[in-house]
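Everything below concerns the one structure shown next.
The values are calculated or read from the model by the stated rules, or taken from the named source; none is laboratory data. Quantities reported herein were computed from a predicted structural model and do not represent experimental measurements. These accessible areas exclude ligands, DNA and RNA; they are computed on the full protein's heavy atoms, side chains included. Shrake-Rupley method; radii C 1.70, N 1.55, O 1.52, S 1.80 Å.
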Amino acid sequence: RQMCIRDSGKDVTDVGGYNLLGGLDSMEFIENQGINGPIWALIALDSHDYPTSGDVTREKLMQTILDAALENGGWALTGTTADPDMTAMAMQALAPYYDTNDAVKAAVDKALNALSAMQNDDGTFSTAFSGKTSESTAQVIVALTALGINPATDSRFIKNGVNAVDGLCSFYVDGGGFRHIASGDLDGMATEQAFYALAAIHRAETGETTLYDMTDVMQ
């Protein structure tokens with residue numbers, strides 16, 4: 001919500017009198033939902049170089065994410081097997097630090113190898129819950145563009161001549177929108193994530209800032 005408001009040119013510290021940054025001042029609160037919280041807190045703070053407050057620092061958020069990395073590469077919300085969605089989202093959060101932090105670079109490089117191994121033969125990615133999904137594929141695309149990697153041409157993300165973008169497009173519904181799974185119907189969340197993944201590719205191709213880097217938006 002904070003990033004959407006910022007992207008519209010509004011002040012996130014005064015949304016109907018409410019400061020959206022106020023919920024990001026407690027590590028305990030942020031970590032309530034597991035690793036998902038620190039990931040999105042760091043993405044939100046870095047979307048426009050927002051100040052931290054309370055006991056929250058970028059270093060703490062970053063370290064919390066790094067500490068949650070699995071030995072076999074990547075991240076998961078639960079369990080010990082890396083999940084493409086969580087792995088990609090963690091990489092999105094860490095991407096701004098890839099070139100300046102050795103620990104981040106090592107973790108992300110390992111995760112890239114893990115993601116490459118997770119890719120299906122048709123370019124898609126799967127979750128343990130639903131199998132091949134457009135959302136998993138979309139999150140990987142956003143992560144790759146955040147790192148300056150082209151998901152359509154990088155050999156690590158092409159299987160049998162099919163790349164990750166092809167995989168995402170396989171979920172397209174004629175007339176507009178995307179499915180969650182190949183056999184499903186038009187799905188709102190799938191459409192949202194697919195569209196912003198395509199926006200991430202477009203921004204990379206046109207030399208704009210990455211999807212969650214909103215420093216080009218002036219209030």
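Once every DSSP H run of n ≥ 4 in the chain is given -39500 (n - 2.57) and the sum is divided by its residues, what mean residue ellipticity at 222 nm do you get, rounded to the nearest 500 deg cm²/dmol? Taken over the chain, the calculation gives -13000 deg cm²/dmol.
In terms of its alpha-carbon gyration tensor, the stretch 174-219 comes out prolate; a/c meets the 1.5 threshold, and the first ratio a/b outweighs b/c.
Of the solvent-accessible surface of the chain, computed with a 1.4 Å probe over protein heavy atoms with every protein chain present, carbon and sulfur atoms account for 51 percent. May I ask you to derive the relative contact order of the stretch 88-145, considering only C-alpha pairs under 8 Å and at least 6 residues apart, and to give it as an integer percent? Over the stretch 88-145, the number comes to 35 percent. Would you work out the Kirkwood radius for the chain? I mean one over the mean of 1/r across all pairs of different Cα atoms, in Å. So the Kirkwood estimate lands at 17.8 Å.
Compute the length gained on full extension between Gln33 and Asp67: take 0.36 nm times their separation in residues and subtract their Cα-Cα distance, giving the result in nm to one decimal.
10.7 nm
The relative contact order of the stretch 1-159, computed from alpha carbon pairs under 8 Å that lie at least 6 residues apart in sequence, is 16 percent.
Counting only Cα atoms, I'd like the Rg/Rh figure for the stretch 123-219, Kirkwood definition for Rh.
With Rh from the inverse mean 1/r over Cα pairs, Rg/Rh is 0.99.
What the Kirkwood sum gives for the stretch 23-67 is a hydrodynamic radius of 10.2 Å, with every pair of different alpha carbons counted. Taking each residue as 0.36 nm, the span from His202 to Asp216 lengthens on full extension beyond its C-alpha to C-alpha distance by 3.5 nm. If you build a Gaussian network model of the chain, linking Cα atoms that sit under 10 Å apart, which residue out of Asp85, Asp46, Asp185 swings the most? Sorting by GNM fluctuation, first place goes to Asp185. In the context of the full set of protein chains, the stretch 1-143 has a per residue accessible area of 45 Å² (1.4 Å probe).
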